[in-house]
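> Structure below; questions to follow.
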Amino acid sequence: MNRLTLPILAAAGLALSACASLAPYGPQVSAGGQGYVEQRIESNRFRVTYNGVGHPGPVADYALLRAAELTTAQGYDWFEVTQRWTDGRPDSAGGFRPSVGVGYGSSSYGGRYGNYRSSGVGVGVGLNFSGPSPTSTSLEVVMGNGERPDRPNAYDARGVQDSLRGRLL
């Protein structure tokens, strides 16, 4: 491998990983695309899903933000997440991941001119230039008015919007 091969491979990997990134926050406009979708289950119960690519954390935050927006749009003050599903790997952000492997082998040969024995150690280096992979978070939420319940998965809808909009958008 000459001196230019590794920088060229690294640049190609970065270019590939830049092709697929988390789209700006918004509704899903096509099947298989990025964005939020929601489904009414009961008058005050919804399932909110956010489909994206990359690390699951920001996708989960977008789903929580959409649940908060939907809560206030429906005229409620708070929501509680009753079920949560995340589909995606922790390493789904992609990127450049080198790997190294070491192996040992031996062989022997017996023939007309004598016996021969050889052994050796080999080292291999691999490079993985993977781009971000799809990830999604689905939340089933129940909405309510008045004082927010004192439970860990209950959220003040306006507080969530103020906090996450400032950080994500």
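> Checking Thr72 against (1) modelled with pLDDT of 95 or more; (2) among the β-branched types (Val, Ile, Thr); (3) under 17 Å from Leu169 (Cα atoms), which single condition isn't satisfied?
So Thr72 meets the others, but not (3).
> Of the residues in region 137-169, how many are closer than 15 Å to Glu80 by Cβ and touching a Pro at 6+ places or on another chain (Cβ under 8 Å)?
Looking only at that region, the number is 0.
> Then there is this: Taking region 142-169 as the region of interest, how many residues are in a loop (DSSP other than H, G, I, E, B), surrounded by 12 or more Cβ atoms within 10 Å (Cβ to Cβ) and under 25 Å from the mean Cα position of the chain (by Cα)?
Final tally of qualifying residues: 1.
> Could you count how many residues in region 51-72 are closer than 10 Å to Leu22 by Cβ and assigned to a helix (DSSP H, G or I)?
3
> Let me ask something else about it. Restricting to region 62-91, name every residue that is among the charged types (D, E, K, R) and either in contact with a strand residue (DSSP E or B) (Cβ under 7 Å, 6 or more places away or on another chain) or surrounded by 15 or more Cβ atoms within 10 Å (Cβ to Cβ) (or both). If you could, list the steps in order and put the result at the bottom.
Of region 62-91, the ones among the charged types (D, E, K, R) are 66, 69, 77, 80, 84, 87, 89, 91.
If the condition is that a residue be among the charged types (D, E, K, R) and either in contact with a strand residue (DSSP E or B) (Cβ under 7 Å, 6 or more places away or on another chain) or surrounded by 15 or more Cβ atoms within 10 Å (Cβ to Cβ) (or both), then Arg66, Glu69, Asp77, Glu80, Arg84, Asp87 are the ones that fit.
> Among Val29, Val59, which is under 11 Å from Ser138 (Cα atoms) and either surrounded by fewer than 20 Cβ atoms within 10 Å (Cβ to Cβ) or not charged (D, E, K, R) (or both)?
On inspection, the qualifying residue turns out to be Val59.
> Among the residues of region 1-49, write down those that are of a type in the set (Lys, Arg) and modelled with pLDDT of 90 or more.
Scanning region 1-49 gives Arg40, Arg45, Arg47.
> Continuing with the same structure: Filter region 42-55 down to residues that are crowded, with 20+ Cβ neighbours inside 10 Å and over 14 Å from Val81 (Cα atoms), then give me how many there are.
Of the residues in region 42-55, 5 are crowded, with 20+ Cβ neighbours inside 10 Å and over 14 Å from Val81 (Cα atoms).
> Looking at region 113-133, can you tell me whether even one residue there is modelled with pLDDT of 95 or more, buried (at least 17 other Cβ atoms within 10 Å of the Cβ) and not in a strand (DSSP E or B)?
The answer is no; no qualifying residue exists.
The values are calculated or read from the model by the stated rules, or taken from the named source; none is laboratory data. Predicted model, so just to flag it, every value in this text is computed and none were measured. All Cβ positions, glycine included, derive from the backbone under ideal geometry; neighbour counts span all protein chains shown.
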